[in-house]
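First the structure, in the form of structure tokens, and then the observations on it.
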Ligand SMILES: Cc1cc2nc3c(=O)[nH]c(=O)nc-3n(C[C@H](O)[C@H](O)[C@H](O)COP(=O)(O)OP(=O)(O)OC[C@H]3O[C@@H](n4cnc5c(N)ncnc54)[C@H](O)[C@@H]3O)c2cc1C
């Protein structure tokens, strides 16, 4: 057996995992395990920016950021955690800058900031420049910067090791089991503290902006151990994915003055959000686009609308909206300036669509983007397992796989890169502190037994089912029936279908039974994880009989604070799904009706 021992083991090398690894390594012997080479993690795809009320271009403060986040969450976010994150934000961004992150600059050398959906000046209600950005490659820069810092700090990396299982002994975290992709061999990592930072699960949907690796591994592993997941019904659809491909067109395009146009050539967002218009929060804009399409105002009768960032349109609508430069002069942009601020987006459209956004409008449709739900934690990244926030000793989670909950029913743009750096840091600090006094739990004689038998059963399956076909059916039913709009009938049918697919999955046969870089086998394994996650999402969504944030039910169109201002905790016990609830922490802001 291959056994490794570290004080702290981090699973995942995206922004959250690297930040956790960096901080843990300052106080404890730390390893970071990742199924991808670290700089290939999905954080690297983040475009628009990271939110922090630095106030570099106009008045702003962390309290406004807190209120916007509470409001954006449709009051389901825990306000103590939100306040904590928004107040830590300026320092966290400056820390990244000090590590060498090449942010764009203002003419006088400060970090440049752009407006982003839902971030406002609380006095005027107008968009505020709060998103700190490095062109439209902010996540890429965060990932590279943090990876360099981890190497400098001698964090131990196990790249291309995929974690299959979590080891729990005497009610405490004791390690994980992983398969080394290059050899197919199993490895046991014995640790005092484990931090899950495995990212999201958007690959369960047909059209998604998410990377292939977004298969919900961390969530599925803990679910199999009877541990709860929180608010899984809340999934965010980003309004602007490239038509059919799902590739993200950052909200930064609208931050730079881009607007949405329907098939009749009309700008439609003022109808749905009269004050903030095209920069309304994502759930609102996604539903608006979907409604336009459904009512026959898609372009050429198809399932898409246009996003227009041509300089002449930006100038025209800025004048109509009264948007000016910070010094009050008219807002004027050139194609060259847009190209400089959004180089990757323009490149994507030119390459994938043959459309030049500087002279043509981009065809877009909503795309599955971000999971608000996940492994429940407190604001220090400690995993909690019930409505009383009881901590499971030695287990931590941070980043998109976790639910703190700072995003509640709906995440504001640029708050996830913030979430990963703030909570990644605190999970790392807490885990190292815990490891100082905790002992290693004794491992069972064969800690790998469960993983080995499940993995070998899949490798040697003799059934007739094809994993790709099952995956395609799951993605379609989840996108169609547990997507932007939901209702009882559609979701009940989806649940039946997902359960039938789970049955069929038992008969999956992989054609490659080899050991070396067996990606077919690993993809099939990941499909098993996605099916688990899809099932609990559907059960949680069926159960929540209201509309809030990203969870929008045609049959229960209103938010219902009397009955549903509470978090869902979903878990599996003896094969049965069980739902409990946990109160929402409300400190300063009593729930108000949403005004758009
Ligand atoms: C296209 C796109 C653009 C975005 N733009 C923005 C933006 O501008 N601003 C913003 O705030 N947010 C943005 N987001 C959201 C944000 O980027 C993500 O939520 C965030 O980066 C997630 O970071 P993470 O560290 O949790 O996960 P990731 O960066 O995805 O890292 C997950 C890690 O877990 C590892 N892993 C997973 N499963 C296993 C396993 N079984 N074994 C071992 N390792 C495993 C992977 O190898 C990877 O290293 C965007 C998201 C997308 C998809």
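We did not get these values from a lab; they are worked out from the coordinates using the rules stated. Model, not experiment: these values are computed from the prediction. Here the Cβ positions follow ideal geometry from the backbone for every residue, glycine too, while neighbour counts run over all protein chains shown.
A few comments on the model shown:
- Cα gyration tensor shape of the range 428-540, rounded if a/c is under 1.5, else prolate or oblate by comparing a/b with b/c: oblate
- Extension gain from residue 388 to residue 352, taking 0.36 nm per residue of separation minus the Cα-Cα distance: 8.0 nm
- Estimated inter-spin distance, residue 267 and residue 520, nm [label 7 Å along Cα→Cβ]: 5.4
- Mean separation of Cα contacts under 8 Å, 6 or more apart, over the residue count of the chain: relative contact order %: 22
- Straightening the chain between residue 468 and residue 594 buys 41.2 nm, computed as 0.36 nm per residue apart minus the Cα-Cα spacing.
- When both the range 465-517 and the range 341-362 are represented by their alpha-carbon centers, they are found 34 Å apart.
- Net lengthening on full extension, residue 586/residue 337 (0.36 nm per residue, minus Cα-Cα): 85.4 nm
- The mean sequence separation of alpha-carbon pairs under 8 Å and at least six residues apart, normalised by the residue count of the range 160-257, gives a relative contact order of 17 percent.
- When the helices of the chain are scored as -39500 (n - 2.57) per DSSP H run of n ≥ 4 and the total is divided over every residue, the value at 222 nm lands at -10500 deg cm²/dmol.
- Folded to 0 to 90 degrees: helix 15-25 orientation relative to the chain principal axis, Cα: 50
- Segments 101-112, 527-538 sorted - mean Cβ within 10 Å per residue, highest first: 527-538, 101-112
- Antiparallel bridges, percent of DSSP beta bridges restricted to the chain (to nearest 5): 65
- FRET efficiency for the residue 148 to residue 108 pair, using the beta carbon distance and R₀ = 30 Å, is estimated at 0.65.
- Gyration tensor (alpha-carbon) shape descriptor, the range 429-478, a/c threshold 1.5: oblate
- Shape call, the chain: gyration tensor on alpha carbons, a/c limit 1.5: prolate
- Between the range 57-108 and the range 123-199, the Cα center-to-center distance that results, in Å: 22
- Where labels lie 7 Å past Cα in the beta-carbon direction, separation of residue 94 and residue 573 in nm: 4.8
- If R0 is 22 Å, the Cβ-Cβ spacing of residue 321 and residue 294 corresponds to a FRET efficiency of close to 0.25.
- Between the range 546-576 and the range 1-55, the Cα center-to-center distance that results, in Å: 31
- With contacts taken as Cα pairs under 8 Å at a separation of at least 6 residues, the range 270-425 carries a relative contact order of 18 percent.
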